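J.: After the structure tokens below, expect a handful of questions from me.
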Amino acid sequence: MTAVCPNGHISATLDWCDTCGDPIEAASPPASDLASISDEVDTSPATRREPCPLCLAPRSGDDRYCEGCGYDFLARAAPAAEPSDEGSGATVVATWEAIVSADRQQFDALGNQGIEFPAGRVERRYPLTLELVRIGRSRGRAGEEIPEIDLTGADADPGASHLHAALERQDDGAYALRDLGSTNGTTVNDDPAPVSKQVTRPLADGDRIRLGAWTTVTLRRV
Amino acid sequence: MSTFTAEAYQNEYLPLDGTEVNAIVTVTSTGDGVPAPQGGGAEIVILDTSGSMDVPRNKIAAARDATCVAIDCIRDGVAFGVISGTDKAWLVYPRRPGGLLAASTETREEAKRAVRELTAGGGTAIGRWLTLAAELFASAPAGIHHAIMLTDGENRQETEAELDAILASVEGQFQCDCRGVGTDWVVSELRRVASTLLGTVDIIADPADMADDFRSMMEAAMGKATANVTLRLWTPQTATVAFLRQVSPTIEELTDRASATGALIADYPTGSWGQESRDYHLCIKVPPRAVGEEMLAGRVSIVEGDDVLAQALIKATWTGDEQLSTRINREVAHYTGQAELAEVIQDGLEARKSGDEATATFKLGRAVQLATESANEGTMKLLRAVVEVDDAATGTVRLRREVADADEMALDTRSTRTVRLGAGGP
């Protein structure tokens, strides 16, 4: 239902005009024809724009494939995996690795922060085979992104963010560090100044990335 | 499920050439008294554990105890967590994967054990604490997202601009009640955090009072039944909103908090509601019309999601009858006075700090006069700790020579608390 106000505005509110605020006389006829037209126009686009169930990107028109990830709306199937350059069965040989450890000195240097250093933590080694390796503390919730280097565990670092930082492979095959907007920041080696957020910083063999209360990630060329 | 009502109080008559429409809108939420026992929602306690919490020693101990009391008040099934804050932000609980955990006898005990181990050390960076809270709320179940934040000091490891940027980024993601313990924190800073995050702010001068305060804050949070209620204001073409502020129970400026949802419609956030009543003062500028004409100057809708829960109309009628147009509505007059009261207190204390005794005496004198007229006894009592009152009716006062920091900060913090018309004070 809509009404027409004395100034000729079509108003969705029937007591006062929703454009100019003029009172609408009870006698004024409801503009029912216009209403039914606009109703039809209103409903159709909503049903068309179903989001992609995989990447949530809006579907463009009646396109069969999602622009975002290639999901097949018709077959309701995920995109086929891209053929790998290496050929099937070939294993990627990592030339770099990341070693995650709890550093007592780093923890002590923070000063007393009211938390305790974890006992009996062992080093963990991650061969770097991917172009993007994220570091963080996963929340383990269904459907959430899990960082490739997951600091979760019995002794999760209480100062690490969910997606804290990332290692990004450069053209020369070496890795660079990017802070992904962490709460507590990231430092490298003995420089106390945190790296800029969302800016890549090249890393060399032996560089130590420090984050959270005690986490050190050391980069090594294998 | 709560029921909302909205009622407008105004003098709709404007003189020839009159353009300013004032109204008080009272919004009330009533329910069956029991908040929906649905799971959902999340609570986080943010505890300052900077080095100064050790001075005096009982501060950190009282904060630990108060946090444990607050944890005990969290209803079963509500996800919760604890953050300790220094110049960094630390996730105290939960420490195992899976994000915030639902409250149960077991998880509450586990959290309290973790809290009891906290000691004090380090600096203060409030923005980081809030960032971590927002990160945790982001993956928490939908519903009311609420935090309690306690601090005892100034935000030293962040600039004002840094804190403002963080506040802008976490705004709307959760509500946060802020408490300052002792007298080394900054009222304006904590008020800014609380206002942005639609929470309350108060001083806890004596650490011994912390547990009771935490309990009542958490109980109030548990009594909220409706999350994310919006005040939607429609104004006609060619009208402008001069201001919109909450005026009861406290003064909160909302004018700049609007997000537009249409050319003529603005949405103002009001946060979550329990069984309560709040008043809003709206001032709308409209182009003048001829005598005898009337118009709708504003339509206030209380909205949750897409549901309109209540509505009130603000009207304007132009008249040649001066007796009608010069009458000031009682509610509007009362809250105009309460807003001035908060302003002159803050101005007066500012002048007093900068050594301008003449201005301080004048402003705080005016405050005494306004508090007396409106029977705002709570504010009057706080004023008496700062000034000697010779004649309340005329606002004749003398500044006290010796004023405890805690008294001055209490007056500043609570200056925005108003009374309702004829309520006579708390």
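J.: In region A:190-206, what residues are surrounded by 14 or more Cβ atoms within 10 Å (Cβ to Cβ) and either touching a residue at least 24 places away in the same chain (Cβ under 8 Å) or on the phi > 0 side of the Ramachandran plot (or both)?
T.: A:THR200, A:ARG201, A:LEU203
J.: Given the criterion in a strand (DSSP E or B), under 16 Å from A:LEU110 (Cβ atoms) and among the β-branched types (Val, Ile, Thr), identify the matching residue among A:THR218, A:THR187, A:THR183.
T.: Checking each option against the conditions leaves just A:THR187.
Okay, residues lined up against (1) under 21 Å from B:ALA103 (Cβ atoms); (2) modelled with pLDDT of 95 or more; (3) surrounded by fewer than 17 Cβ atoms within 10 Å (Cβ to Cβ); (4) small (Gly, Ala, Ser):
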{"position": "B:VAL201", "(1), (2), (3), (4)": "no, yes, no, no"}
{"position": "B:ALA208", "(1), (2), (3), (4)": "no, no, yes, yes"}
{"position": "B:THR226", "(1), (2), (3), (4)": "yes, no, no, no"}
{"position": "B:THR230", "(1), (2), (3), (4)": "no, yes, no, no"}
{"position": "B:LEU233", "(1), (2), (3), (4)": "no, yes, no, no"}
{"position": "B:PHE243", "(1), (2), (3), (4)": "no, yes, yes, no"}
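J.: For region B:184-227, what are the residues that are in a helix (DSSP H, G or I), in contact (Cβ under 8 Å) with a residue 40 or more places away in the chain and of a type in the set (Val, Ile, Thr)?
T.: B:VAL187, B:VAL193
J.: Pick from B:ALA360, B:ALA393, B:ALA375: which is of a type in the set (A, V, I, L, M, F, W, C) and under 22 Å from B:SER188 (Cβ atoms)?
T.: That would be B:ALA360, the only listed residue that is of a type in the set (A, V, I, L, M, F, W, C) and under 22 Å from B:SER188 (Cβ atoms).
J.: Just to be sure before I move on: is B:VAL69 within 27 Å of the chain's Cα centre (by Cα) and either buried (at least 22 other Cβ atoms within 10 Å of the Cβ) or of a type outside the set (A, V, I, L, M, F, W, C) (or both) in the structure I sent?
T.: In short, no.
J.: If only one of B:GLU388, B:GLU357 is of a type in the set (D, E, K, R), surrounded by fewer than 14 Cβ atoms within 10 Å (Cβ to Cβ) and in contact with a Lys or Arg (Cβ under 6 Å, 6 or more places away or on another chain), which one is it?
T.: Unique residue meeting the criteria: B:GLU388.
J.: Moving on to the next point. Of the residues that make up region B:361-380, is at least one in contact (Cβ under 8 Å) with a residue 60 or more places away in the chain, within 21 Å of the chain's Cα centre (by Cα) and over 13 Å from B:GLY395 (Cα atoms)?
T.: no
J.: Here is a further query. So B:THR131 fits all but one of (1) out of contact with any Leu (no Cβ under 7 Å at 6 or more places or on another chain); (2) within 16 Å of B:ASP72 (Cα to Cα); (3) among the β-branched types (Val, Ile, Thr); what number is the exception?
T.: So B:THR131 meets the others, but not (2).
J.: Follow-up question, since we're still on this one. If you check B:ARG232 against the conditions, is it in a strand (DSSP E or B) and within 14 Å of chain A (Cβ to nearest Cβ)?
T.: yes
J.: Which of the residues spanning region A:98-138 are under 23 Å from the mean Cα position of the chain (by Cα) and within 14 Å of chain B (Cβ to nearest Cβ)?
T.: Those that are under 23 Å from the mean Cα position of the chain (by Cα) and within 14 Å of chain B (Cβ to nearest Cβ): A:GLY136, A:ARG137, A:SER138.
J.: Moving on to the next point. Give region A:189-218 a look and list any residue that's in contact with a strand residue (DSSP E or B) (Cβ under 6 Å, 6 or more places away or on another chain) and over 23 Å from B:LEU130 (Cα atoms), or say none.
T.: Result: A:ASN189, A:THR200, A:ARG201, A:PRO202, A:LEU203, A:ASP205, A:ASP207, A:ARG208, A:ILE209, A:THR216, A:VAL217, A:THR218.
J.: Considering only residues of region B:116-160 that are under 27 Å from B:VAL78 (Cα atoms) and among the basic types (Lys, Arg), which is farthest from the other protein chains (Cβ to nearest Cβ)?
T.: If we take residues in region B:116-160 being under 27 Å from B:VAL78 (Cα atoms) and among the basic types (Lys, Arg), then B:ARG116 is farthest from the other protein chains (Cβ to nearest Cβ).
J.: Taking region B:84-115 as the search range and keeping residues that are hydroxyl-bearing (Ser, Thr, Tyr) and surrounded by fewer than 19 Cβ atoms within 10 Å (Cβ to Cβ), which one is nearest to the other protein chains (Cβ to nearest Cβ)?
T.: My answer is B:SER104.
J.: Related question: Yes or no: region B:333-348 includes at least one residue that is over 24 Å from B:ARG278 (Cβ atoms) and assigned to a strand (DSSP E or B).
T.: Scanning region B:333-348 turns up no residue that is over 24 Å from B:ARG278 (Cβ atoms) and assigned to a strand (DSSP E or B).
J.: Also, quick follow-up: Looking only at region A:103-110, decide whether some residue is in contact with a strand residue (DSSP E or B) (Cβ under 7 Å, 6 or more places away or on another chain), within 26 Å of A:ALA193 (Cα to Cα), of a type outside the set (Asp, Glu) and modelled with pLDDT of 90 or more.
T.: Within region A:103-110, not a single residue is in contact with a strand residue (DSSP E or B) (Cβ under 7 Å, 6 or more places away or on another chain), within 26 Å of A:ALA193 (Cα to Cα), of a type outside the set (Asp, Glu) and modelled with pLDDT of 90 or more.
J.: Here's another thing I want to ask about it. Here is a list of conditions, (1) of a type outside the set (Ser, Thr, Tyr); (2) more than 14 Å from chain A (Cβ to nearest Cβ); (3) farther than 25 Å from B:ALA147 by Cβ, and B:ALA316 meets all of them except one; can you say which number that is?
T.: It is condition (2) that B:ALA316 fails.
J.: Still on this structure, please answer the following. Filter region A:131-164 for residues that are within 17 Å of B:PRO94 (Cα to Cα), among the charged types (D, E, K, R), at pLDDT 75 or above and assigned to a loop (DSSP other than H, G, I, E, B) and give the result.
T.: Those that are within 17 Å of B:PRO94 (Cα to Cα), among the charged types (D, E, K, R), at pLDDT 75 or above and assigned to a loop (DSSP other than H, G, I, E, B): A:ARG137, A:ASP157.
J.: Separate question: In region A:161-188, what residues are surrounded by 14 or more Cβ atoms within 10 Å (Cβ to Cβ), free of Cβ contacts under 8 Å to residues at least 60 places away in the same chain and over 23 Å from the mean Cα position of the chain (by Cα)?
T.: Across region A:161-188, the qualifying residue is only A:VAL188.
J.: Assigned to a loop (DSSP other than H, G, I, E, B), crowded, with 18+ Cβ neighbours inside 10 Å and touching a residue at least 24 places away in the same chain (Cβ under 8 Å): is that true of B:ARG289 in this structure?
T.: Judged against the criteria, B:ARG289 is a match.
J.: Against the condition out of contact with any Asp or Glu (no Cβ under 7 Å at 6 or more places or on another chain), more than 20 Å from B:ALA221 (Cβ to Cβ), among the acidic types (Asp, Glu) and not in a helix (DSSP H, G or I), how does B:GLU158 come out, does it pass?
T.: It is true that B:GLU158 is out of contact with any Asp or Glu (no Cβ under 7 Å at 6 or more places or on another chain), more than 20 Å from B:ALA221 (Cβ to Cβ), among the acidic types (Asp, Glu) and not in a helix (DSSP H, G or I).
The values are calculated or read from the model by the stated rules, or taken from the named source; none is laboratory data. Keep in mind that what you see is a predicted model, and the values were worked out from it rather than measured. As a convention, Cβ positions derive from the backbone with ideal geometry for all residues, glycine included, and neighbour counts pool all protein chains shown.
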